[in-house]
Amino acid sequence: MGEEVKVFGYWASPYSYRAELALKLKGVSYEYINEDIFGNKSDLLLKYNPVHKKVPVLLHNGKPIVESLVILEYIEETWKHNPYLPQDPYDKSTARFWIKFIDEKCFPTLWLAAWSAENEREKVTNEACEYLKTLESALNGKKFFGGETIGMVDIVASSVGYFIRVTQEIMGQNLLSADKFPQLFQWSEDFANCSIVKESLPPRDKLLPFVKGLIAKYQQDNAKA
Amino acid sequence: MADEDVVLLDFWPSPFGMRVRIALAEKEIKYEYKEEDLRNKTDLLLKMNPIHKKIPVLIHNGKPVCESLVQVQYIDEIWPHKSPLLPTDPYQRAIARFWGDFVDKKIYGLESGKVWTTKGEEQEAAKKEFIECLKLLEGELGNKAYFGGENLGYVDVVLVPFYSWFYAYEKCGNFSIETECPKLIAWAKRCMEKDSVSKSLPDQDKIYDYVLHLKKVFGIE
């Protein structure tokens, strides 16, 4: 078909992962380029994302698309089979609402709960638990946020369902536990067990030491500030 | 369209609310505007937006839609035939969404608020970044009449409400946005020639008075 699809990403980035999962769900072949985001970003990355200089960048037939949520909407609109957003505008707006909630409230607060200083941790943890409770309500008895199959909300929630769970393990926290949030916990298990999800997630044994190092860095920087 | 029931819960100085007002006006949709007192939120607001308890809330046939960018896209999808706001081509839509996201993060974000909430070095840094972001937007506008091309588009609707806050920013920050970004101000004035925009934005003086009131309330000098 002459489609040239490339993803500039970082193996451990939850944002980069979203772009890859979306392409896999659509069965679109792509070339993956791992960027050294903590060291030396490539000239190409800086050329394709001059404003934010971040991954992921989706390159489709030479044209760059950046920002993970913009990329997800683009993939959905370009490859129309296996839709992961509802057709109905109201249901679509509900999905977008939850996506924003995860990205702006849920995920950042959960991440903060992992590395914030002792004196702040309780407050942030309580806030994070409130967000998890709210997120769980969005499942409303469904297997996935998208219903019977993975939808765009599930793709975005992978940052909570997988990446945060790994973080929790390192910190000895268990916020997303089966007793506190049984539906959400079950969702994260079902999600991670999908073959298409499994084959593209960064492996736990590689991710654990990486996140450990990242948390240490955040704690160090925070102490200096 | 006789069965359409559209209500907007809003607060007059909110640029987020203004986005929705403009989008509805562009589509020529009749709606009921309800002013919320944010110190005394109505039961309706708390029921329709229980998670964030914020305005604007768009209630369409009794069902709430929250978050202004979500609302603008919803309005565009429900009433696609009049004044389409997003282009049809997926790549052009991605560009529009990118800049809409940029405006939200950089122009409406916490950092830019420091232009009127801080003083000294912190304020100077905030002003510098604010102008840099406006210049990036000017670059994206280029020689087009609007970000949407010949007509108002998604990015225009997302950004132009902030024009009503420019005077307050200039007074608090002691700078001129027009001197730094003349093309952007020319764009904003062009937008204001449209009723959908001019009738949706409050007077810049009123916003400045509101900002002064906020400064008093929060004890900001």
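The values are calculated or read from the model by the stated rules, or taken from the named source; none is laboratory data. As the structure is a prediction and not an experimental result, all values here were calculated from the model. Every residue, glycine among them, receives a Cβ derived from its backbone with ideal geometry; neighbour counts consider all protein chains shown.
Please determine, by comparing only the residues of the stretch B:83-109 that are within 13 Å of another protein chain (Cβ to nearest Cβ) and of a type in the set (Ser, Thr, Tyr), which one is nearest to residue B:25 (Cα to Cα).
Going through the qualifying residues, I end up with B:88.
What number of residues within the stretch B:170-185 are under 15 Å from residue B:147 (Cα atoms), crowded, with 18+ Cβ neighbours inside 10 Å and touching a residue at least 24 places away in the same chain (Cβ under 8 Å)? Explain how you work it out, then say what you get.
We begin by selecting, within the stretch B:170-185, every residue under 15 Å from residue B:147 (Cα atoms); these are B:183-185.
Still in the running and crowded, with 18+ Cβ neighbours inside 10 Å: B:184-185.
Of the ones still in play, those that are also touching a residue at least 24 places away in the same chain (Cβ under 8 Å) are B:184.
The number of residues fulfilling the criteria is 1.
With respect to residue B:154, is the statement that it is of a type outside the set (Val, Ile, Thr) and closer than 15 Å to residue B:14 by Cα true? Give the steps one after another, and end with the answer.
Details: of a type outside the set (Val, Ile, Thr): yes; closer than 15 Å to residue B:14 by Cα: no.
Spelling it out, it is not the case that residue B:154 is of a type outside the set (Val, Ile, Thr) and closer than 15 Å to residue B:14 by Cα.
Taking the residues in the stretch A:80-94 that are facing another protein chain (nearest Cβ under 7 Å) and over 20 Å from the mean Cα position of the chain (by Cα) as candidates, determine which candidate is nearest to residue B:58 (Cα to Cα).
My answer is A:90.
Just for helices (runs of 4 or more DSSP H) wholly inside the stretch B:179-218: which have at least 1 residues that are at pLDDT below 95? Break it down into steps so the answer makes sense when it comes.
Values: elements: B:182-192, B:195-198, B:204-217.
Answer list for the stretch B:179-218: B:204-217.
Quick one: residue B:68 ticks every box in (1) more than 9 Å from chain A (Cβ to nearest Cβ); (2) closer than 19 Å to residue A:96 by Cα; (3) over 19 Å from the mean Cα position of the chain (by Cα) bar one, so which box is it?
(3)
Please give the number of the condition residue A:59 fails out of (1) in a helix (DSSP H, G or I); (2) among the aliphatic types (A, V, I, L, M); (3) away from chain B (no Cβ under 11 Å).
All conditions pass for residue A:59, except number (1).
Of everything in the stretch A:65-79, what is surrounded by fewer than 22 Cβ atoms within 10 Å (Cβ to Cβ) and either more than 8 Å from chain B (Cβ to nearest Cβ) or part of a loop (DSSP other than H, G, I, E, B) (or both)? Give them in sequence order.
Listed by number, the residues that qualify are A:76, A:79.
The rows are residues; the columns are (1) surrounded by fewer than 18 Cβ atoms within 10 Å (Cβ to Cβ); (2) assigned by the TED database to the domain that holds residue A:152; (3) among the basic types (Lys, Arg); (4) in contact (Cβ under 8 Å) with a residue 24 or more places away in the chain.
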| position | (1), (2), (3), (4) |
| --- | --- |
| A:22 | no, no, no, yes |
| A:34 | yes, no, no, yes |
| A:46 | yes, no, no, no |
| A:63 | yes, no, yes, no |
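List, please: which pairs have Cβ atoms under 7 Å, are six or more places apart or on different chains, and start with a residue in the stretch B:58-71 that is in contact (Cβ under 8 Å) with a residue 40 or more places away in the chain and end with one that is assigned to a helix (DSSP H, G or I) and of a type in the set (Lys, Arg)?
B:68/B:19
Checking residue B:112 against (1) surrounded by 18 or more Cβ atoms within 10 Å (Cβ to Cβ); (2) polar (S, T, N, Q); (3) within 13 Å of chain A (Cβ to nearest Cβ): exactly one of these is not met. Which one?
(3) is the only condition that residue B:112 fails.
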